[in-house]
Structure formats: C-alpha cells, structure tokens
C-alpha cells in the first residue's frame, strides 16, 4: 500500500520561484501547499524589486523634467514624496501579493516558519504537514558579516530604504553592487546628500571595468554622489547626532557621519530549516544541488536565491519551473543558463548577458571585442544623452560570447543579444538583423558589424 501524504508537493517560499512552482503544480492537478513566513509574493520581490522599479522611474522622470532645456519649463515643479509612497503601495498591491491568486488555483496557503521534523515531514508554526515532494524557495537575507555594531545600530536594509516615512538629510550606502547603485541614485535624485562606499576598485565590480568608470563619472558629476572605492566599512554605531560609520582605506581609519546608513552588502541564502534532519547538504555558498536542481535528499528540490548563485526574478522563475517538472513529472531536464540577463536599474541602465571580458580572461578564452559609444547613433542627439556604450565579445570564429550595454534603455536593447546567445546565433547573424535607425537599438547592429 502506498504511503499517503497531506500534500503531493509542498513549496516553501512564495517569491518568484515558489509562486511559479505552486501554480504549475496546481494546474497539473497535483495536491499542493505553499508555505510563507513573512510576505506573500516574496519579501524581496514586494519589498525591493517592485518598489525600486516604480520609484526610480518616477524620481528620474522628475529630475529629467527639472533639467530639461528644450520645450519644457515649470518653476513650480516639485515631487511629492508621500504620493510617491502611495504609488509604490499601489504597484505592490496590484503586481506583487499572490496569496488569493494561489488559493483560487486550489493551492493550500500555510503561514508560519517552516522547519523539517523528519523525512517528508515539516513543521509550519505549530502544525505538522507531510509531503511527497518539496521545493525549497526561501530566498536570501542580508549579509552583514564583517561589520561590527550592526546589532546595536538602527541601520536600513535595502527593503526598508524604499518605504521610509520621511527622507533623511544625508545617507551612506555601504556596497556598490547593483542594489547599492540603485539606492544611491534614488536618494540622490530625491535631493538627499548621498555617498556610496565599495570595497572593490570600482562600482559594479561584477561587470567590466568600463561600466564602473562610466557610472562613477555620471554619479559624481551629474548626481553629486560621493563615490568612495577601495574602502571597507568595518563598524557602525549611532549617537544623538546620527550614524557613525568607520571606514578603512589604504590602511588608514576614518569616520563618516550621516543621518542614515543603508547596508547593501549582499545576501546569504535563508536556510534555517533544520535541513540536517532530512539529509540536505549545504555548501559554502548555498544548497548543494545537481544540474536538475535536486538536493542530496532526492525528494527535495531547490530554486532561486537559496542556491547561493547570482540570481534574479526571471532566473528564479525558470528554476522554479524546471525543478517542478523534474520533481513531479520525473523529467531529467538540466538547467541551462545561457542568455539570462543581468540588469542594474540605474540611469543609464546597465544590462549584461553572457560572458564579460573578465570572465573570458579568467577562463583563458581567446576573444575579440568591440565598444561603440552612444554618440555614434542619431538616438543620442534625439534624446540629448551620450553617456554609455555597447560592448560585444566574440570568438575569433564569430561565436557571440557576451555583451554589456550602458544606455537609457539597456534592458530592452539587450534582449535581441540574449536571444542570439541562447540560440547560438553568430555575430554575423546579429550584424545582419535590421534595427530601427532612430532608436537606441541601432547601436546593436553597429557594434556587431565591427566584429562580423
């Protein structure tokens, strides 16, 4: 006689990966439950991804209108911060929260912190549930290791920074990755005195050197952001005058004072599930999974930030889908990450796909490259903006390896390059694809033509 379980599929975490997985399972007719301990739809998606998109679009539009020199004038133009927060709430309410939608599909929504009790058995709050298959999609949490004083200081997380009841007069962003750069631009465009510190020698250290140079120059000159690279934040504290951040540069220690401090110091997988009780192994960066996203416990799969890799909402969706089909349909599909895009939603936007120049050098891949400035196309004159470029990498034989775009519509422009990389199109194929002459995408054809 077959052993019976409360559910055939239990998903832990309702963010991008978990939400996708639960919906697919429910539509397959599988008895499904999903567990959430904080925010339905995912704390990262609702607390950071959606607010950052909504708010940055409005604050940049406001700043562009203020600086416009042709055809626009308005001395009374001002931004209402509280209206901005209301708009953010509407966006999150409409696009983020998913509990009702899941329940309409027949998914049981269980609220509470989840911990494994034994094989196939989970404690959710005070209730024990059993499952035939599980998906771990619990996301990640802020990594504050290496900075003393965090437990005694009221610092801001990236999520909290988007919904402050009132703006500080000054803010220090610790961390110059994508999250830190987005937050720095947001505060600066709202008129807050802003500084950003980064341990590496440039902003966005995961991207190529030219990206960090362009963004630092734009931040410093256009937004008056103080950019401090090769600087380590070692401690934070506070007193009646505000926050104190101890920083180290070239072996010398100094103190920076600001009204607020945001820690954008990266994330670590949320794995407080007592996984040792069910034989799930954890590696240095995250969960140990095979290329089918199966953990060392064969009935448990994983997707999203818990894997400890560089992730995104779209990558998490892909992994949630793949893991679910492998778990429930017994498929043996393997994860294939070619063509996934990395986006930093600053202005100009930064979008990358495939290998960077640094990647090619580390892997000893022989390559040729082209770099085309925005000023080379009519769109630059039309939009009055020339800060940025399109960079492409290809093998000597014409295989497209990767691309980086710094431009106002980088995330849209790079889509065709992502298609080319995922489907093994050559640089000649890309160069011969027609582009709209007066659009930014004309840069793609020009950059590809240099390598064809």
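The values are calculated or read from the model by the stated rules, or taken from the named source; none is laboratory data. Keep in mind the model is a prediction, meaning the values are calculated, not measured. Note that we place each Cβ from the backbone using ideal geometry, even for glycine, and neighbour counts take in every protein chain shown.
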- Query: In region 80-130, which strands (runs of 3 or more DSSP E) lie fully inside it and hold 2 or more residues that are touching a helix residue (DSSP H, G or I) at 6+ places or on another chain (Cβ under 8 Å) and touching a residue at least 12 places away in the same chain (Cβ under 8 Å)?
  - Reply: 114-118
- Task: Tell me, yes or no, whether region 285-293 has at least one residue that is in contact (Cβ under 8 Å) with a residue 24 or more places away in the chain, more than 24 Å from residue 216 (Cα to Cα) and surrounded by fewer than 16 Cβ atoms within 10 Å (Cβ to Cβ).
- Result: yes
- Flagged in region 294-330 as within 13 Å of residue 15 (Cα to Cα) and surrounded by 22 or more Cβ atoms within 10 Å (Cβ to Cβ), in numbering order, are 302, 303, 304, 305, 306, 311, 315, 316, 319, 320
- Looking across region 24-61 at residues that are part of a helix (DSSP H, G or I) and out of contact with any helix residue (DSSP H, G or I) (no Cβ under 7 Å at 6 or more places or on another chain), the single one that is farthest from residue 110 (Cα to Cα) is 61
- Query: Is region 375-390 home to any residue that is touching a strand residue (DSSP E or B) at 6+ places or on another chain (Cβ under 7 Å), in a strand (DSSP E or B) and at pLDDT 95 or above?
  - Reply: yes
- Note on the structure: Within region 218-233, restricting to residues that are loosely packed, with under 14 Cβ neighbours inside 10 Å and touching a strand residue (DSSP E or B) at 6+ places or on another chain (Cβ under 9 Å), the one that is nearest to residue 148 (Cα to Cα) is 230
- Quick check, is residue 406 in the same structural domain as residue 358 (by TED's automatic domain parsing), under 15 Å from residue 344 (Cβ atoms) and part of a loop (DSSP other than H, G, I, E, B)? no
- Message: Quick check on region 191-209. Is at least one of its residues in contact with a strand residue (DSSP E or B) (Cβ under 7 Å, 6 or more places away or on another chain), closer than 19 Å to residue 176 by Cα and in a helix (DSSP H, G or I)?
- Response: no
- Query: Tell me, which residue of region 146-164 that is touching a residue at least 12 places away in the same chain (Cβ under 8 Å) and loosely packed, with under 13 Cβ neighbours inside 10 Å is farthest from residue 264 (Cα to Cα)?
  - Reply: 152
